[in-house]
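What follows is one structure encoded as structure tokens, with my remarks underneath.
The values are calculated or read from the model by the stated rules, or taken from the named source; none is laboratory data. What you see is a predicted model; the values in this text were computed from it and never measured. FYI the Cβ positions are ideal-geometry reconstructions off the backbone, even for glycines, and counts take in every protein chain you see.
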Amino acid sequence: MRPDVVVVGASVIGLTTGVCLAEAGLKVRLQSPVPPSATTSAVASAMAGPAVAPAGERAGRHEWAGLAEFTALAGVAGTGVTLRRGRLVSREQGPPLPGMQACAPGDLPPGFAAGFWATLPLVDMPVYLGYLAGRLAAAGGEFEYAKTRSLAGLTAVTPLVANCAGLGARELVPDPAVTAARGQHVVTDNPGLEEFFIEAPLGPAWAAYWPYPGHVVLGGTWVSGDERTEPDDAAAGQILRRCIRVEPRLAQARVRGHQVGLRPWPGLTFPSVPQCCRQAGIRVPARPPVPIRTIRWAGPRWSSLRCPPGTCGRWRTPAR
Ligand SMILES: Cc1cc2nc3c(=O)[nH]c(=O)nc-3n(C[C@H](O)[C@H](O)[C@H](O)COP(=O)(O)OP(=O)(O)OC[C@H]3O[C@@H](n4cnc5c(N)ncnc54)[C@H](O)[C@@H]3O)c2cc1C
């Protein structure tokens, strides 16, 4: 099958893009040298929202669309998405967040000055990636275990390319502006936690935990430019201590394992594929039939998952 579009990357952005395009009727091929379970996306916490940008702005529209979509997915079995109530807290006073209930002083752990209660979607990423892969297959999309060596080389295969290579875009485009921000998690059994907790602003280290039915993900760290992928014992100990100070029940929880992921950062901020291709020396029409974009996924402060399936109404089948 000659694909209408090749999606480079098969993780949350690649799979989401592939699902949107395949469900819109295009023949889609995803390329990645590793399965979704071996990517950064499989390590994400992952919390969607809250949406804090003004609804009229593009970032705000994406945030609100993502939040609405993941809230809807929380009602669908097999997605790995659940709605959880929890606290978003800060050690400093800040402005009120519209639509969110402020924490009473008694809700705040020692050392915290302000916070909000919110009910937000938490995404068990390995499960969610499996759900997306199933949806892609059901829509006729295909997956190829392959590393894309150059975008130019793909023009022999397809007129359209969606670059969803995450950190891999640094070498592939190439785009030296893409760097890694290392993040580490500790995963424990769930000692009965129902509510999440996250401290802001994020970085370089903060207290956060996200409960899932059988486990809890504890974070977080943000180390720019560090590309080591093995867990750091000292960082793991600090994560545990910070979280136990907030939630003493975690002291009794068995540690199941450690996770490290490299966040693509700052990433490509909405360049068009023509722009990427021109950088790579590929000739592209001035007005391509389908506007393929590279999508940046992680939010700068409160993390948010963006551009999920169903929100990409702009994708249209090209004239054949
Ligand atoms: C510890 C941690 C916690 C996080 N928590 C959150 C959170 O709560 N909320 C949130 O929104 N975000 C969170 N993030 C950020 C989020 O995980 C990333 O922004 C997101 O996973 C990036 O997805 P991606 O699909 O762009 O990239 P990746 O998941 O890195 O996938 C890249 C894909 O491209 C493929 N690829 C790369 N190069 C090539 C090539 N040359 N040819 C073919 N394929 C290639 C890879 O194999 C892979 O399939 C977190 C990240 C970390 C590390």
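What the table below lists for this structure:
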quantity: Which numbered condition Ala77 misses (of (1) touching a Gly at 6+ places or on another chain (Cβ under 7 Å); (2) farther than 25 Å from Gly219 by Cα; (3) more than 13 Å from the ligand (Cβ to nearest atom)); calculated: (1)
quantity: The listed residue being touching a residue at least 12 places away in the same chain (Cβ under 8 Å) and under 28 Å from Arg228 (Cβ atoms), out of Val157, Val178; calculated: Val178
quantity: Qualifying position, being in the same structural domain as Asp232 (by TED's automatic domain parsing) and either in a loop (DSSP other than H, G, I, E, B) or among the aliphatic types (A, V, I, L, M) (or both), among Val157, Val187; calculated: Val187
quantity: Unmet criterion (only one of (1) in a loop (DSSP other than H, G, I, E, B); (2) in contact (Cβ under 8 Å) with a residue 40 or more places away in the chain; (3) near the ligand (Cβ under 10 Å from one of its atoms)) for Leu167; calculated: (1)
quantity: Leading residue by the ranking (nearest to Phe197 (Cα to Cα)) among those in the stretch 49-106 that are touching an Asp or Glu at 6+ places or on another chain (Cβ under 6 Å) and hydrophobic (A, V, I, L, M, F, W, C); calculated: Val89
quantity: Among the candidates Glu57, Glu69, residue that is outside the structural domain of Gly220 (by TED's automatic domain parsing), touching a residue at least 60 places away in the same chain (Cβ under 8 Å) and of a type outside the set (A, V, I, L, M); calculated: Glu69
quantity: Criterion: within 13 Å of the ligand (Cβ to nearest atom) and in contact with a strand residue (DSSP E or B) (Cβ under 6 Å, 6 or more places away or on another chain) - qualifying residue of Val223, Val246, Val255; calculated: Val223
quantity: Members of the stretch 100-128 that are within 24 Å of the chain's Cα centre (by Cα), farther than 30 Å from Ser11 by Cα and not in a strand (DSSP E or B); calculated: Met100
quantity: Residues of the stretch 201-222 satisfying the condition of being among the aliphatic types (A, V, I, L, M) and surrounded by 19 or more Cβ atoms within 10 Å (Cβ to Cβ); calculated: Leu202, Ala207, Ala208, Val216, Val217, Leu218
quantity: Qualifying residue in the stretch 215-222 (condition: in contact with a Pro (Cβ under 7 Å, 6 or more places away or on another chain) and either modelled with pLDDT under 95 or closer than 21 Å to Thr40 by Cβ (or both)); calculated: yes
quantity: Tally, over the stretch 223-279, of residues that are part of a helix (DSSP H, G or I), among the aliphatic types (A, V, I, L, M) and at pLDDT below 95; calculated: 1
